Amino acid sequence: MNSRDTARSGQAEGDRTAPAAGCRHILIVTDAWYPQVNGVVRTLDTVGRELRAAGHRVDYVTPQDYRTLPCPTYPEIRLSWNHWRDVGRRIRALDPDCIHIATEGPLGLAARVHCGRRGIPFTTSFHTRFPEYIQIRFRVPLSWTYGFIRWFHGGARSVMVATDSIQRDLEGWRIGNIRRWTRGVDIVLFRPQPKNFLDLPRPVLLYVGRVAVEKNIGAFLRIAHAGSKLVVGGGPQLESLRRTWPDVTFVGPKHGEELSRHYAASDVFVFPSLTDTFGNVILEALACGVPVAACPAPGPVDILTGTGVGVLDEDLDKAVAGALTIPGERCREHALTYSWARSAGQFLDNLAPVKQPA
């Protein structure tokens with residue numbers, strides 16, 4: 001890490017928020033948790049660690065606490081099922097200062113009902129556009145699922161979202177009380193490294209994420225640009241796509257230093273998703289000095305517009321060609337403006353104390 005990176009990292013450390021009166025003990029209820037590895041899990045875990053380092057107590061209610069069943073059409077995701085009354089008991093036993101409901105799954109629903117019935121203030125966040133996912137998989141009208149989303153988030157003191165685009169989308173569905181909660185990136189783990197880690201024909205086009213239909217991964221696989229296509233990640237389509245696309249390199253899920261090396265050794269990161277609310281993987285690629293080619297959708301539009309570190313185009317071949325001309329140093333510079341300490345501070349500011357000060 002160079003001197004400028006060190007200075008920025010030190011600044012982020014100094015930005016940590018001290019324990020606030022009325023919000024020292026925070027409870028986060030989430031259906032997305034380990035062993036899942038995705039942007040939601042990384043965000044909730046990292047922000048929790050930032051808050052603990054600043055002196056807060058952070059507890060979680062997660063599927064690890066309960067029996068689970070595989071999610072239909074997506075067995076890698078486990079859904080809790082013997083939790084309904086216990087979630088309320090856990091909330092009462094922990095007696096937190098603030099309650100944040102992060103997901104709209106079974107655990108989040110139980111917490112939402114418990115708090116709603118008892119008039120307990122809570123906050124929520126919108127991480128996943130699952131109405132669009134359900135429409136893609138089951139053809140359920142968006143008006144039905146967004147009706148549920150409007151009810152779920154309607155009682156929250158604040159609904160936290162990562163970008164302007166998602167805020168506008170939710171407001172279009174008549175969901176209010178929206179507050180900003182940005183994201184960060186680990187600039188020590190994700191950093192420029194030698195390109196010779198990958199022995200593939202250049203340029204190397206990289207996709208990192210779930211291998212699933214809702215990620216629009218087919219648009220990445222159909223790119224005709226010369227070079228190699230590399231897919232890092234697992235999901236329900238992994239084996240079938242391996243058989244269908246033998247010229248694409250599928251390496252499965254990667255984590256930590258190994259994931260960072262795959263990013264850094266690639267030449268352009270491709271983000272084809274049309275349904276993500278942010279895209280933490282975009283920041284990870286940029287931190288490794290890799291430019292981004294993406295569809296003009298929420299998340300990429302908010303991160304990349306006007307920055308000169310990526311190209312947005314519905315034609316991903318054109319986006320890739322443009323992104324390959326962008327210097328890696330510029331990408332790294334932009335990633336350094338994102339801080340997990342700032343993200344944790346925004347999260348803390350958005351919370352609603354359960355007990356109002358006397």
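Numbers for the structure displayed
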item: Low-density loop cleavage sites - GluC sites (Glu not before Pro) in the stretch 276-341, where at most 13 other Cβ are within 10 Å (DSSP); result: Glu314
item: Rounded to 10°, Cα long-axis angle of helix 340-350 versus longest principal axis of the chain; result: 30
item: Accessible surface, 1.4 Å probe, highest first, among residues Trp151, Trp144; result: Trp144, Trp151
item: Over the chain, volume per residue of the alpha carbon convex hull, in Å³; result: 133
item: Considering only the chain, percent of DSSP beta bridges that pair antiparallel, nearest 5; result: 15
item: Phe197 accessible area, assembled protein chains, probe 1.4 Å, Å²; result: 70
item: Degrees, to the nearest 10: 106-118 long Cα axis against longest axis of the chain; result: 30
item: Within the stretch 27-183: Cβ-based charge dipole about Cα centre, in debye rounded to nearest 20 (Lys, Arg +1; Asp, Glu -1); result: 280
item: Carbon and sulfur %, accessible surface of the chain computed with the full protein complex present, 1.4 Å; result: 52
item: Radius ratio Rg over Rh of the stretch 268-358, counting only Cα atoms, Kirkwood formula for Rh; result: 1.14
item: Accessible-area ranking of Thr277, Thr68, largest first, probe 1.4 Å; result: Thr68, Thr277
item: Residue order for Tyr207, Tyr34 - accessible surface, 1.4 angstrom probe, largest first; result: Tyr34, Tyr207
item: Per residue accessible area in Å² of the chain, where ligands, DNA and RNA are left out and the probe is 1.4 Å; result: 43
item: Solvent-accessible surface (1.4 angstrom probe) belonging to Glu132, in square angstrom, nearest 10; result: 20
item: Pairs from Lys229/Lys318; Lys229/Lys254; Lys195/Lys318 whose Cα-Cα separation, in the structure shown, is over 18 Å; result: Lys195/Lys318
item: Charge dipole (the chain, unit charges on Cβ, about Cα centre) - positive-most of Ala156, Ser339, Pro253; result: Ala156
item: Phi-based couplings in Hz for the stretch 154-163 (Karplus 6.51, -1.76, 1.60; Gly and Pro marked x); result: x, x, 6, 5, 8, 10, 8, 10, 8, 9
item: Simple Cβ-charge dipole of the stretch 140-184, Lys/Arg +1 and Asp/Glu -1, about Cα centre, in debye nearest 20; result: 160
item: Charged-residue dipole, Cβ positions (Lys, Arg, Asp, Glu), the stretch 136-216 about Cα centre, Debye nearest 20; result: 100
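The values are calculated or read from the model by the stated rules, or taken from the named source; none is laboratory data. Small disclaimer: the values here were computed from a predicted structure and weren't measured. Note that each Cβ is placed from the backbone with ideal geometry, even for glycine, and that neighbours are counted across all protein chains shown. When the accessible area is computed, the model is the full protein with side chains, heavy atoms only, and any ligands, DNA or RNA have been set aside. Shrake-Rupley method; radii C 1.70, N 1.55, O 1.52, S 1.80 Å.
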